[in-house]
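The values are calculated or read from the model by the stated rules, or taken from the named source; none is laboratory data. Everything numeric in this text was worked out from a predicted model, so none of it was measured. All Cβ positions, glycine included, derive from the backbone under ideal geometry; neighbour counts span all protein chains shown.
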Ligand SMILES: Nc1nc2c(ncn2[C@@H]2O[C@H](COP(=O)(O)OP(=O)(O)OP(=O)(O)O)[C@@H](O)[C@H]2O)c(=O)[nH]1
Ligand SMILES: [Mg+2]
């Protein structure tokens, strides 16, 4: 394990954004900046749609109406758009803002505040191994994100074991094996058979070999494919069984259940979060492909849904976004920062 960096508990560490600009870490901050530029480019269409509203604008009802349209175009959905606008109007009044630029700055603040509950670092080290199960619809970017996440973890000094619990396709196993090779980590894999058995073996192997993290890849599935959702539930149950000797402290594995969402899915992403959360109890999200034509506003919808649920269902919390993907390369996955994302979104 690495020496604990900004910690949440003894012997744990959190994967955070590279802190900007210390002279000792110019490469890390430069990499973060390059990634941020790609995110901005990806969300450019949304950003310029929102920016256009402020060009030669008066601060009046027409401006707010156009802003609502631009937010809806960005996939925020109606509840989040209404919430942001009401909050923006309050901010404009409180700050006595009179210029379009000032209102735009306050819009960044309002969006950042909506997104803030999604900002939470992924913690590793509370359990040995920390078992992370990864799910999502077909082609969302699960396997690629696992590959990139492995690199993040390896950079932090963690030992990682991959579990190829997508046993349906040989190509899926091979794809994960390539990521294992690239990152020089071990993989538990099996031709065909029960994905739960692979996950079970991997968790046991992870414990026996003293790995810090076991990452379990699963096959893509739609929430409407009920038998496949049952299979996911079974994988989760069997992972817990592999952890019943209590060597981990506290909660049984899997300690994290991540949903990978394709950022281009629009409002359907929220439906995916709800469906997979119902089936598995999600602990985090990874949002991929924000380098393409994604609009990004759906994160506001996910954040508002999480807040609303936490308000009405005690004991629940918003499902955080641990990572954002902006490309297919290893370095294209980075931690989520609410203000950075709000700035990229508003343009
Ligand atoms: N542009 C872009 N492409 C990505 C990103 N993440 C993944 N991809 C691509 O999306 C495609 C699908 O990625 P996979 O990782 O295989 O997706 P998956 O969810 O594992 O797919 P299944 O296992 O078939 O359900 C691949 O071509 C990836 O290279 C991203 O952040 N940006
Ligand atoms: Mg896959």
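In table form, for the structure just shown:
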item	result
Candidate set: segment 128-152, residues that are away from ligand 2 (no atom under 13 Å from the Cβ) and surrounded by fewer than 23 Cβ atoms within 10 Å (Cβ to Cβ); chosen: the one nearest to residue 209 (Cα to Cα)	128
Flag for residue 299 being touching a strand residue (DSSP E or B) at 6+ places or on another chain (Cβ under 9 Å) and crowded, with 24+ Cβ neighbours inside 10 Å	yes
Pick from segment 229-264, criterion surrounded by 22 or more Cβ atoms within 10 Å (Cβ to Cβ), in contact with a helix residue (DSSP H, G or I) (Cβ under 7 Å, 6 or more places away or on another chain) and outside any helix (DSSP H, G or I), ranking: modelled with the lowest pLDDT	243
Any hit, segment 196-203, residues being over 24 Å from the mean Cα position of the chain (by Cα) and within 16 Å of ligand 2 (Cβ to nearest atom)	yes
Residues being without any contact (Cβ under 8 Å) to a residue 40 or more places away in the chain and loosely packed, with under 15 Cβ neighbours inside 10 Å - total across segment 60-81	6
First in segment 271-292 and on the phi > 0 side of the Ramachandran plot, second anywhere and within 16 Å of ligand 2 (Cβ to nearest atom) and assigned to a loop (DSSP other than H, G, I, E, B), Cβ under 8 Å, 6 or more apart	289/141
Residue count for segment 139-163, restricted to those that are more than 22 Å from residue 337 (Cα to Cα), outside any strand (DSSP E or B) and more than 16 Å from ligand 1 (Cβ to nearest atom)	3
Residue list for segment 164-185, filter: away from ligand 1 (no atom under 15 Å from the Cβ) and exposed (fewer than 15 other Cβ atoms within 10 Å of the Cβ)	181, 184
Yes/no for residue 32 being crowded, with 16+ Cβ neighbours inside 10 Å and touching a strand residue (DSSP E or B) at 6+ places or on another chain (Cβ under 8 Å)	yes
